[in-house]
1. Could you grab me the full set of residues in the range 23-69 that are without any contact (Cβ under 8 Å) to a residue 24 or more places away in the chain and surrounded by fewer than 15 Cβ atoms within 10 Å (Cβ to Cβ)?
2. Residues in the range 111-118: is at least one modelled with pLDDT of 80 or more, aliphatic (A, V, I, L, M) and either outside any strand (DSSP E or B) or open to solvent by less than 10 Å² (accessible area, probe 1.4 Å) (or both)?
3. Do we have Pro144 as open to solvent by less than 10 Å² (accessible area, probe 1.4 Å), at pLDDT below 90, closer than 23 Å to Leu189 by Cα and in contact with a Lys or Arg (Cβ under 8 Å, 6 or more places away or on another chain) here?
4. Would you mention how many residues in the range 97-110 are at pLDDT 90 or above, buried (at least 23 other Cβ atoms within 10 Å of the Cβ) and not β-branched (Val, Ile, Thr)?
5. From the list Phe4, Phe20, pick out the single residue that is open to solvent by 50 Å² or more (accessible area, probe 1.4 Å), at negative phi, not in a loop (DSSP other than H, G, I, E, B) and not β-branched (Val, Ile, Thr).
6. Look at Pro51 and say whether it is within 24 Å of Ser123 (Cβ to Cβ) and in contact with a His (Cβ under 7 Å, 6 or more places away or on another chain).
Amino acid sequence: ISSFDNGSITKFWPNGQTAFVVPGFLSGLDHPMGMAFDRDGNLWIPNMGDPADPNDPGSVTMYLKGNPLKQVTYTTDIYKPFSIAVADQGRAWAANSPIPGGGGVVVMELDGHHIKHVKTITSDALNTPIDDFPLRPYSDFASPRTIAIDTQGNAWVANFETNKVTFIDGSTFAATDYELDDMSRGWGLAVDGSDRIWVASFSNPADSGNLMDPPYVSVVQGSETGRGDVL
């Protein structure tokens, strides 16, 4: 578990006992967000950086074999990454929270003890705001929130500023946006074993006029036939 405020990392044994704590001043992390392990036990950590400072782009930190004393930092095309997911072949996909026109998703892979840039992907959904939400003064928190990989190695992204989810082909990196009429401000996203995409909104649809209305959960067909259909 990472701590956004102080950058510490806590590891627990399966019985709930604390295995160890890496304090923030030793972790090398800067406002860490969601983490993911790859198949080799390397821990990938997106660092959002100072949320109030648009000049602090953040970074991605990787702990080799999960060892905080063996860390690698990556910054190419990274801007306030919110979440990270790892595909079966070991590539890590980071969802930025971009400024308008910024890179939406960055794909990386480990090359020895270095992280290599594979691809930067943008889409209309990742850069098109749906409203002028008055409580969010920084446009750099524009869209992507959670990214997940399906069983075919494709990526899916929940977008905060639109009512769309973005599908990214794992081979060609082509991005396709699917509109969900019953949802906006996408936040959480998960893929189940049947490649259905479960998307949780942060709040109500933008046109409802009431910020306190309950959020929604939408289920989307993720298989090639009918992909993008709300179930």
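The values are calculated or read from the model by the stated rules, or taken from the named source; none is laboratory data. Predicted model, so just to flag it, every value in this text is computed and none were measured. Using ideal geometry, Cβ is built from the backbone for each residue, glycine included, and neighbour counts are taken over all protein chains shown. For the accessible areas, the whole protein counts, side chains as well, though only heavy atoms, and no ligand, DNA or RNA atoms are used. Shrake-Rupley method; radii C 1.70, N 1.55, O 1.52, S 1.80 Å.
1. Matches in the range 23-69: Pro23, Phe25, Asp50, Asp53, Asn55, Asn67, Leu69.
2. Scanning the range 111-118 turns up no residue that is modelled with pLDDT of 80 or more, aliphatic (A, V, I, L, M) and either outside any strand (DSSP E or B) or open to solvent by less than 10 Å² (accessible area, probe 1.4 Å) (or both).
3. Considered against the rule, which asks whether it is open to solvent by less than 10 Å² (accessible area, probe 1.4 Å), at pLDDT below 90, closer than 23 Å to Leu189 by Cα and in contact with a Lys or Arg (Cβ under 8 Å, 6 or more places away or on another chain), Pro144 comes out as no.
4. Total satisfying the criteria: 1.
5. The unique qualifying residue is Phe20.
6. yes
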